[in-house]
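Undergrad: Here it is, the structure in full.
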Amino acid sequence: MKKVAVIGCGSYMDSGDGCPGEWRCLKAASLGDGNFEEPSQVVAFVKCECPGRALATNVKMAMKLSEIKPDAIYLSSC
């Protein structure tokens, strides 16, 4: 099973509101639907601070410090 990290970006994340897109993304990952080629285990869900200019470096540092090694990273936004 592939290990994936999901990054949630958008103003809805800043306001603390939930988004149906996040649930659909997590469900699709576990079932292997949509953009996911096979059933996957979500090992990390990262909130993106808008604007996401520092996204790549922040995610890389977080993965290094937490020793999480996902096989793929997916962006999720509404």
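Undergrad: Among Ala28, Ala56, which is the only one that is at pLDDT 75 or above, crowded, with 16+ Cβ neighbours inside 10 Å and out of contact with any strand residue (DSSP E or B) (no Cβ under 8 Å at 6 or more places or on another chain)? Give the derivation first.
TA: On the way: Ala56 fails: crowded, with 16+ Cβ neighbours inside 10 Å.
Residue meeting the stated conditions: Ala28.
Undergrad: Turning to a different aspect of this structure: Could you please let me know if Lys2 is touching a Ser or Thr at 6+ places or on another chain (Cβ under 6 Å), modelled with pLDDT of 75 or more and of a type outside the set (A, V, I, L, M, F, W, C)? Steps first, answer last, please.
TA: Numbers: touching a Ser or Thr at 6+ places or on another chain (Cβ under 6 Å): yes; modelled with pLDDT of 75 or more: yes; of a type outside the set (A, V, I, L, M, F, W, C): yes.
Spelling it out, Lys2 is indeed touching a Ser or Thr at 6+ places or on another chain (Cβ under 6 Å), modelled with pLDDT of 75 or more and of a type outside the set (A, V, I, L, M, F, W, C).
Undergrad: Just to be sure, is Glu67 at pLDDT 75 or above and at positive phi?
TA: Values: at pLDDT 75 or above: yes; at positive phi: yes.
Yes, satisfied.
The values are calculated or read from the model by the stated rules, or taken from the named source; none is laboratory data. A quick note: this is a predicted structure, and the numbers were derived from the prediction, not measured. Note that we place each Cβ from the backbone using ideal geometry, even for glycine, and neighbour counts take in every protein chain shown.
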